[in-house]
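K.L.:
Mind looking over this structure? Questions follow.
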Amino acid sequence: MKDKELAQSNMIKRLMWGLLVLAVLSVVADFFVYHKSHFGIDGTPGFGAWYAFLSCVLFAVIAVLLGIILKQPETYYDD
Amino acid sequence: MMTSFPPGLMLILAGLLLPFLHGTSRSIALLFFPALTLALIWFLPDDALLQLPFLQYELTLLQVDNLSRLFALVFALMALAGGAFALKQKNTFELAAAFVYAGGAISVTFSGDLISLFIFWEIMAIASTLVVLCGGPSAHNAALRYAAIHFLGGVLLMAGIAGEISASGNIALTQLSNGEFTFSRYLLLAGLLINAGAPPLSAWLPDSYPKASWTGMIFLSAFTTKTAVYVLMRTFPGTEILLYLGLFMVFYGIIYAILENDMRRLLAYSIISQVGFMVCAVGIGSDKALNGVAAHAFAHIIYKALLLMSAGSVIYMTGKSKFTELGGLFRSMPVTTFCAIVGALSIAAFPLTSGFVSKTIIAKAAADEHLMLVWFMLEAASAGTCFYVGFKFPWFVFFHKDAGLRPVDPPINMQISMIFMAVACILIGLFPSALYAMLPFSIDYVPYTGAHIVFQAQLMIFAGLAFFLMLVWVGKTNTITLDFDWVYRKIGFQWVLNFNDFLTVTWRQIVAGFSGGVQKVVAKIYRYSGPDGLLARPWETGVMAFWTTFLLAAYLLIYYYIK
């Protein structure tokens with residue numbers, strides 16, 4: 001079991017590093033492409049990055065808060 | 001004009017034939033009839049028309065344009081891929097129902113009038129209920145709830161159609177959003193929205209679909225919600241309320257999918273979220289938005305079927321569908337893992353996949369209409385989609401903690417179906433012009449610009465970072481999440497129980513009162529007429545003689561006075 005957990009945390013670590021590299025690359029790449037903005041801020045480099053990150057954090061926080069009330073044991077309905 | 005045989009009817013008849021086939025002939029039928037239907041639709045001439053007289057009306061069972069052909073094509077494609085995936089499904093009855101269901105959906109898209117639309121709509125409702133029912137004993141209650149909601153939707157739709165026809169005298173399926181919004185149009189809209197999975201009655205979808213069998217949900221995911229989207233496009237484009245309902249569905253689906261522990265319930269919430277994109281775009285109503293709806297419905301049906309096929313394969317091989325019981329399957333199920341990832345990338349609109357060329361049309365349409373808030377919300381939702389299905393679904397099923405399960409990839413027919421759908425996702429992503437050529441309006445959208453590729457890649461990558469950073473908080477828990485169906489499953493059920501108690505008590509009181517009364521009467525009768533009763537007692541001779549004498553004397557007196 002210990003080995004599995006170790007392998008698992010190694011996998012997450014490697015994935016995180018991979019994602020971080022891609023993240024940096026995607027933001028750097030954003031400075032070299034031509035932007036056509038509709039609303040101003042959406043045309044700035046790195047907008048997709050921080051906007052996506054904040055959106056996901058917000059969704060997760062809302063989900064966790066709602067989960068306090070809405071999450072119930074599986075036998076709740078019992079049918 | 002040319003009279004043609006309706007392709008949908010063909011699939012319905014094939015479905016009715018299916019229960020009589022076994023073994024190889026059944027397998028051949030499962031592939032042949034959807035393929036034939038697909039070919040019929042593909043070669044359907046533009047002026048194909050089939051009309052039938054009915055009462056004083058002329059029903060149009062077959063009327064073709066770009067929009068109906070596009071939806072019918074993807075429905076038939078779905079029936080074919082589903083049939084191929086389900087070759088090992090032992091329950092022929094489920095597949096028969098699924099074919100009737102698919103045929104009903106195709107017939108809805110070709111219906112030129114409200115009456116035939118309603119007939120095929122209800123055929124779909126019945127057939128899809130049977131598909132849910134085939135999920136086994138645990139699906140029975142959910143199937144009944146599903147049927148109840150859909151028959152309610154049918155009643156609303158029928159009432160709306162009847163009102164609309166009596167007001168206009170016209171049965172043609174035309175745009176209704178340009179005139180005055182009458183009560184019957186609201187009813188019609190409500191009936192359509194129930195099938196689209198819109199609030200407040202959206203919980204029927206995650207309640208029932210995941211209870212279907214490992215093949216059943218693949219069929220269920222495609223037809224009901226998308227026919228509703230199709231009819232909404234025809235009847236209510238540009239209706240503002242759809243914009244808000246759609247946005248609500250988008251976020252509701254995301255939040256519930258993040259909370260979900262069952263992989264198929266997660267995918268069910270994801271259907272609502274993705275259909276929300278489409279409903280929102282119908283609300284925008286511009287040509288570009290409607291093109292986006294059509295393209296996204298086409299792409300969505302394929303990648304959602306792909307995701308559900310990978311989930312179905314996991315259930316078929318392991319019998320499990322909860323994240324808490326799965327994990328680490330990538331080692332032994334590489335093909336399924338690969339296909340699930342392609343599906344996940346497609347729904348996340350990653351470059352080179354179908355979602356990238358379809359979903360983004362909707363966001364672009366919102367930007368072109370200067371709907372700033374809508375655009376920001378849709379892009380946030382795109383990031384959320386990457387989060388809950390782009391990462392959460394494949395991660396918890398195929399990676400994460402090894403659950404110790406070592407199932408191999410599913411039988412070859414299931415693998416081929418998945419690979420077929422995965423290739424379709426990528427081909428659409430690589431060559432969007434073929435899809436764009438089939439859209440209802442001409443389109444000048446170029447998905448592959450540098451900024452757009454980088455933007456979508458950023459959404460995916462940073463959603464992934466957020467997911468792994470917050471893994472502890474959004475991790476899997478052995479729970480269910482209460483949804484609106486709580487109202488009728490818990491409160492409503494409690495009311496029914498209370499009402500039942502009330503009825504039982506009242507009835508008991510009535511019965512007790514009645515039987516008490518009867519007993520009193522009987523006791524009285526017994527008292528007078530029983531063995532010792534006054535009236536039944538044997539009388540002595542002297543008493544008899546006395547009374548006889550008394551009566552005779554009385555008679556004599558009366559006679560004397562009258563005389």
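K.L.:
Look through B:Ser202, B:Ser221 and report the one residue that is part of a loop (DSSP other than H, G, I, E, B) and in contact (Cβ under 8 Å) with a residue 12 or more places away in the chain.
P.N.:
Going through B:Ser202, B:Ser221 in turn, just one is part of a loop (DSSP other than H, G, I, E, B) and in contact (Cβ under 8 Å) with a residue 12 or more places away in the chain: B:Ser202.
K.L.:
Evaluate the range B:453-467: report whether one residue or more is surrounded by fewer than 20 Cβ atoms within 10 Å (Cβ to Cβ), at pLDDT 90 or above and more than 7 Å from every other protein chain (Cβ to nearest Cβ).
P.N.:
The answer is yes; a qualifying residue exists.
K.L.:
Follow-up. Which one is surrounded by the most Cβ atoms within 10 Å (Cβ to Cβ) among residues in the range A:61-74 that are more than 7 Å from every other protein chain (Cβ to nearest Cβ) and over 16 Å from the mean Cα position of the chain (by Cα)?
P.N.:
It comes out as A:Leu65.
K.L.:
Restricted to the range B:469-492, and to residues that are free of Cβ contacts under 8 Å to residues at least 60 places away in the same chain and facing chain A (nearest Cβ under 7 Å), which residue is farthest from B:Tyr146 (Cα to Cα)?
P.N.:
B:Met470
K.L.:
Would you call B:Gly103 at pLDDT 95 or above and not acidic (Asp, Glu)?
P.N.:
yes
For every residue, the table says whether it meets (1) in contact with a helix residue (DSSP H, G or I) (Cβ under 8 Å, 6 or more places away or on another chain); (2) over 30 Å from B:Ile412 (Cα atoms); (3) surrounded by fewer than 24 Cβ atoms within 10 Å (Cβ to Cβ).
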position	(1), (2), (3)
B:Ile241	yes, yes, yes
B:Ser270	yes, no, no
B:Ser273	yes, yes, no
B:Ala297	yes, no, no
B:Ser310	yes, no, no
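K.L.:
Of all residues in the range B:349-386, count the ones that are crowded, with 24+ Cβ neighbours inside 10 Å and touching a Lys or Arg at 6+ places or on another chain (Cβ under 9 Å).
P.N.:
7
K.L.:
Just one of (1) assigned to a loop (DSSP other than H, G, I, E, B); (2) surrounded by fewer than 22 Cβ atoms within 10 Å (Cβ to Cβ) trips up B:Ile165, so point out which.
P.N.:
Failed condition: (1).
K.L.:
Out of the range B:401-415, which residues are more than 10 Å from B:Val335 (Cα to Cα) and assigned to a helix (DSSP H, G or I)?
P.N.:
B:Ile412, B:Asn413, B:Met414
Okay, residues lined up against (1) within 7 Å of another protein chain (Cβ to nearest Cβ); (2) under 20 Å from B:Phe376 (Cβ atoms); (3) at pLDDT 90 or above; (4) surrounded by 12 or more Cβ atoms within 10 Å (Cβ to Cβ):
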| residue | (1), (2), (3), (4) |
| --- | --- |
| A:Lys13 | no, no, no, no |
| A:Phe31 | no, no, no, no |
| A:Tyr34 | yes, no, no, no |
| A:Gly43 | no, yes, no, yes |
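K.L.:
What number of residues within the range A:1-60 satisfy the criterion of being in a loop (DSSP other than H, G, I, E, B) and either aromatic (Phe, Trp, Tyr) or within 19 Å of the chain's Cα centre (by Cα) (or both)?
P.N.:
6
K.L.:
Given the condition within 26 Å of B:Phe110 (Cβ to Cβ) and of a type in the set (D, E, K, R), answer yes or no: does some residue in the range B:246-263 qualify?
P.N.:
no
K.L.:
Looking at (1) surrounded by 16 or more Cβ atoms within 10 Å (Cβ to Cβ); (2) touching a residue at least 40 places away in the same chain (Cβ under 8 Å), which is the one condition that is false for B:Asp47?
P.N.:
It fails just one condition, (1).
For every residue, the table says whether it meets (1) over 54 Å from the mean Cα position of the chain (by Cα); (2) under 30 Å from A:Val21 (Cβ atoms); (3) of a type outside the set (Asp, Glu).
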residue	(1), (2), (3)
B:His452	no, yes, yes
B:Leu459	no, yes, yes
B:Ile480	no, no, yes
B:Trp495	no, no, yes
B:Leu503	no, no, yes
B:Arg508	no, no, yes
B:Gly513	no, no, yes
B:Glu540	yes, no, no
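K.L.:
So if I check each of B:Leu70, B:Leu61, B:Leu17, which one is closer than 27 Å to B:Ser354 by Cα, among the aliphatic types (A, V, I, L, M) and within 28 Å of the chain's Cα centre (by Cα)?
P.N.:
When all the criteria are applied, what remains is B:Leu70.
K.L.:
I've got another one for you. Would a scan of the range B:463-479 turn up a residue that is of a type in the set (Gly, Ala, Ser) and assigned to a loop (DSSP other than H, G, I, E, B)?
P.N.:
yes
K.L.:
Can you confirm whether B:Tyr559 is surrounded by fewer than 10 Cβ atoms within 10 Å (Cβ to Cβ), part of a helix (DSSP H, G or I), at pLDDT 90 or above and over 60 Å from the mean Cα position of the chain (by Cα)?
P.N.:
Answer is yes for this residue.
K.L.:
Now, a different point. Among the candidates B:Leu243, B:Leu259, single out the residue that is touching a residue at least 60 places away in the same chain (Cβ under 8 Å) and either within 14 Å of chain A (Cβ to nearest Cβ) or of a type in the set (D, E, K, R) (or both).
P.N.:
B:Leu259
K.L.:
Any residue at all in the range B:291-307 that is in a helix (DSSP H, G or I) and more than 19 Å from B:Phe71 (Cβ to Cβ)?
P.N.:
Yes - at least one qualifying residue is present in the range B:291-307.
K.L.:
Okay, next question. For B:Leu329, work out the one condition from (1) under 26 Å from B:Thr479 (Cβ atoms); (2) crowded, with 24+ Cβ neighbours inside 10 Å; (3) within 11 Å of another protein chain (Cβ to nearest Cβ) it doesn't fulfil.
P.N.:
Every listed condition holds for B:Leu329 apart from (3).
K.L.:
Ok, one more. For the range B:351-367, which positions are more than 8 Å from every other protein chain (Cβ to nearest Cβ) and over 22 Å from B:Phe431 (Cα atoms)?
P.N.:
B:Ala366, the sole residue that qualifies.
The values are calculated or read from the model by the stated rules, or taken from the named source; none is laboratory data. Quick caveat, the model's predicted, so the values are computed rather than measured. All Cβ positions, glycine included, derive from the backbone under ideal geometry; neighbour counts span all protein chains shown.
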